[in-house]
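Laboratory data are not the source of any read-out in this text; all were calculated from the coordinates shown. A quick note: this is a predicted structure, and the numbers were derived from the prediction, not measured. Virtual Cβ from ideal backbone geometry, glycine too; neighbours counted across all protein chains shown.
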Amino acid sequence: MIQKIKILKTIIIIFSLSLTFSANAQTVEEIIKGRKALFSKNYSTAKRVQALASKGEFDKAKSLMIKMSENYKTLIEYFPDNSKEGFKTEALPLIWENKKEFNDLMKKSSDDMIKLTSLIEDSDDIRATLTQMMWSNCKACHSKFRAPH
């Protein structure tokens, strides 16, 4: 009888551990997919910002810039230590090795989008302003922190 109880306890512990592992794996998957979705959303939003600003639709473009800014702030939370690999992540280990630099780049990208809202209407060269304040941040991150694709 004591032997059966020990076996049952062992089975319960193993079952609990497997449930915990599944929950953690699912969380990592959700984190990685979530950050990929946010980056993708910012890219498609940036293209929309460029199109709107080029047509002089600045109010609509500014609204999207503010959303992009918020997304950059949110992205900082999407790189916990347990999300370095798996689920087709394109994030390089440099993100975690240079976490402060990565976080600073996300903050700069966020701040630059807010600055862009006040500069865009008065810009003599909208394309150059967007390149400097928006696209250059994308490039800086991709060239250092994202795997080539």
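Observations on the structure shown:
- I120 in contact (Cβ under 8 Å) with a residue 60 or more places away in the chain and of a type outside the set (D, E): yes
- Condition broken by S40, with the remaining ones in (1) assigned to a loop (DSSP other than H, G, I, E, B); (2) within 17 Å of the chain's Cα centre (by Cα) satisfied: (1)
- For segment 92-104, residues that are part of a helix (DSSP H, G or I), in contact (Cβ under 8 Å) with a residue 40 or more places away in the chain and closer than 18 Å to L38 by Cβ total 2.
- Breaking point among (1) touching a residue at least 60 places away in the same chain (Cβ under 8 Å); (2) more than 27 Å from E29 (Cα to Cα); (3) surrounded by fewer than 18 Cβ atoms within 10 Å (Cβ to Cβ), for I66: (1)
- When the test is whether a residue is farther than 22 Å from G34 by Cβ and part of a loop (DSSP other than H, G, I, E, B), D124 passes it.
- Residue in segment 109-122 that is farthest from the chain's Cα centre (by Cα), counting only those that are surrounded by fewer than 16 Cβ atoms within 10 Å (Cβ to Cβ) and either of a type in the set (S, T, Y) or under 30 Å from N82 (Cα atoms) (or both): S118
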